[in-house]
Amino acid sequence: VLKMHNAREVDAQSGPNFYGLVANLARRANMPMPRVYVVDNPNPNAFATGRNPENAAVAATTGLLSMLSRDEVEGVMAHELAHVKNRDTLIMTMVATIAGALSMLANFGMFFRSERNGLATLLAVLIAPFTAMIVQLAISRTREYGADRTGAEISGKPLALAAALAKIS
């Protein structure tokens, strides 16, 4: 994901303000320091990646860093660290894999249909991918709400995240 977005890693020397902000949040969250990246893109965005806190990275675009106040960036990055702390990347990867497997099995069922169960197989092929997508979206939304809550706890400034989201939207 980082390579796809041409993210560049920053440290205390190359990006002291942003790196220091993330370091402070990681300390407050009692987490290992993630790798910190900046993506040269005018669109305001941030993301976290990594299967666990020990292998995590967080990134923000230059658009986000220039658009938001320090407190608002802190709120957004606390939200991203919350994804790491809650292992959301791992959970969503597992959910996507299971949803994909269910869809594939339903499509595979088309090869073994018979006259007797043809309608049931056709319904399964149509309904299974839709159901898998709905479950995946519901879990994703739940993980986002959880990251909002944990991020507010980490930053101690829940209104800063709300202000950032209002600005971004």
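The values are calculated or read from the model by the stated rules, or taken from the named source; none is laboratory data. Here the structure is a predicted model, which means the values were calculated and not measured. Glycine also receives a Cβ, built like all others from the backbone with ideal geometry; neighbour counts cover every protein chain displayed. Accessible surface areas use protein heavy atoms only, side chains included; no ligands, DNA or RNA. Shrake-Rupley method; radii C 1.70, N 1.55, O 1.52, S 1.80 Å.
Side notes on the structure shown:
- Residues that are outside any helix (DSSP H, G or I) and either of a type in the set (Asp, Glu) or in contact with a helix residue (DSSP H, G or I) (Cβ under 7 Å, 6 or more places away or on another chain) (or both) were ranked within the stretch 7-26; the one that is most open to solvent (accessible area, probe 1.4 Å) is Glu9.
- Qualifying positions in the stretch 55-87 - of a type in the set (Gly, Ala, Ser) and either open to solvent by less than 20 Å² (accessible area, probe 1.4 Å) or part of a helix (DSSP H, G or I) (or both): Ala56, Ala57, Ala59, Ala60, Gly63, Ser66, Gly75, Ala78, Ala82
- Pairing residues of the stretch 27-46 that are on the phi < 0 side of the Ramachandran plot with residues that are of a type in the set (Phe, Trp, Tyr) and not in a strand (DSSP E or B), at Cβ distances under 7 Å and at least 6 apart in sequence or on separate chains, gives Val36/Phe18; Val36/Tyr19; Val38/Phe18.
- Failed criterion for Asn17 (all others in (1) more than 18 Å from the chain's Cα centre (by Cα); (2) under 26 Å from Met92 (Cβ atoms) hold): (2)
- Residue in the stretch 118-151 that is modelled with the lowest pLDDT, counting only those that are over 18 Å from Thr89 (Cβ atoms) and open to solvent by less than 60 Å² (accessible area, probe 1.4 Å): Gly118
- Failed item, numbered, when Thr49 is tested on (1) without any contact (Cβ under 8 Å) to a residue 24 or more places away in the chain; (2) crowded, with 18+ Cβ neighbours inside 10 Å; (3) of a type in the set (Ser, Thr, Tyr): (1)
- Qualifying residue in the stretch 27-43 (condition: part of a helix (DSSP H, G or I) and open to solvent by less than 20 Å² (accessible area, probe 1.4 Å)): no
- Condition broken by Met4, with the remaining ones in (1) open to solvent by less than 30 Å² (accessible area, probe 1.4 Å); (2) hydrophobic (A, V, I, L, M, F, W, C); (3) in a loop (DSSP other than H, G, I, E, B) satisfied: (1)
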